[in-house]
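The values are calculated or read from the model by the stated rules, or taken from the named source; none is laboratory data. Just so it is clear, the structure is predicted and the values come from calculations on it, not from any experiment. Cβ sites come from the backbone with ideal geometry, for glycine too, and all protein chains shown count toward neighbours.
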Amino acid sequence: METNLSSLKKTARLAGFLYLLLIITGVYNIIYLSSKIIVKGDAATVANNILSNELLYRTGIISDFISNFFFLFLALVLYRLLKQVNEHRAKLMLALVIVQIPAAYFMEALNITSIMIFKGEILKTFELVQRQDLAMLFLKINKYGMMTLELFWGLWLIPLAQLVYKSGFIPRIIGILLMINGIAYIIDSFVYMQLPNYHFFTSRYLLLFIIPGEISITLWLLIKGIKKGYVSN
């Protein structure tokens, strides 16, 4: 029993560490890079913004690759940790993460292609304006793709929240916060798709419901591992 408990603690702390790395890379891309590279205006403005900060922009692409690598291994470790609670839900959680990875990597390929078009490395026979418009199309596809993936960011948290709530070794309040977190992601994705003019305003409020869930599970797994007094079967 002690061996099982010790193994459970190690698995929980590994999950917490991977979740922390996922959050760090996510914050770098979504918050830091967004503040440094403000992509707005017409195609010429966007091209200038990206090309004048090309190295920084490319670090975001690399960071996304690494982030999705952490995401996949986090899901695998959480599956190992929580499959004893309910294996079917644990498999559903894992599947909802796995289906995201190929799409995420494909979207980064669009980002790389956009840079090459902006620099004139490909489609050299096209006029400058045509190249810029095509590169912008790829960037917009990437943006819509990311907001579609946000739907899955929410969906995978639903079975995770249920597993955490019923686990017995993680506080139930964290499961509730994760459920709210997942629903907020889903709402944000639908608002962007259906009511894009209101997304800027709603995303600010939804952020208040997104932060507590994933932060709390990360800190709990990393610091506590499992609930004090928990008895492993």
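Does the range 176-204 hold any residues that are within 14 Å of Leu160 (Cα to Cα), among the β-branched types (Val, Ile, Thr) and touching a residue at least 24 places away in the same chain (Cβ under 8 Å), and which are they? Answer for the range 176-204, where residues must be within 14 Å of Leu160 (Cα to Cα), among the β-branched types (Val, Ile, Thr) and touching a residue at least 24 places away in the same chain (Cβ under 8 Å): Ile180, Ile183.
Would you be able to say whether some residue in the range 110-130 is closer than 29 Å to Leu14 by Cα and in a helix (DSSP H, G or I)? No, because not a single residue in the range 110-130 is closer than 29 Å to Leu14 by Cα and in a helix (DSSP H, G or I).
Comparison of Leu160, Leu151, Leu155 shows that the only residue that is touching a Ser or Thr at 6+ places or on another chain (Cβ under 7 Å) and either modelled with pLDDT of 90 or more or not in a helix (DSSP H, G or I) (or both) is Leu151. Listed conditions (1) buried (at least 17 other Cβ atoms within 10 Å of the Cβ); (2) free of Cβ contacts under 8 Å to residues at least 40 places away in the same chain are all met by Leu207, apart from (1). Look at (1) under 22 Å from the mean Cα position of the chain (by Cα); (2) over 22 Å from Ile62 (Cβ atoms) and you find that Tyr105 fails only one, number (2).
Looking for something in contact with a Phe, Trp or Tyr (Cβ under 7 Å, 6 or more places away or on another chain) and surrounded by 16 or more Cβ atoms within 10 Å (Cβ to Cβ) - is there at least one such residue anywhere in the range 78-88? No, the range 78-88 contains no residue that is in contact with a Phe, Trp or Tyr (Cβ under 7 Å, 6 or more places away or on another chain) and surrounded by 16 or more Cβ atoms within 10 Å (Cβ to Cβ). Pull up the range 52-87, narrow it to residues that are more than 24 Å from Gly16 (Cβ to Cβ), assigned to a helix (DSSP H, G or I) and not hydrophobic (A, V, I, L, M, F, W, C), then point me to the one that is farthest from the chain's Cα centre (by Cα). Top of the filtered list is Glu54. State which residue is surrounded by the most Cβ atoms within 10 Å (Cβ to Cβ) when the search covers only the range 96-135 and only residues that are under 25 Å from Phe65 (Cα atoms) and charged (D, E, K, R). Here the residue is Glu108. Here Met179 passes the criteria (1) closer than 26 Å to Arg13 by Cα; (2) assigned to a helix (DSSP H, G or I); (3) more than 24 Å from the chain's Cα centre (by Cα) except the one numbered (3).
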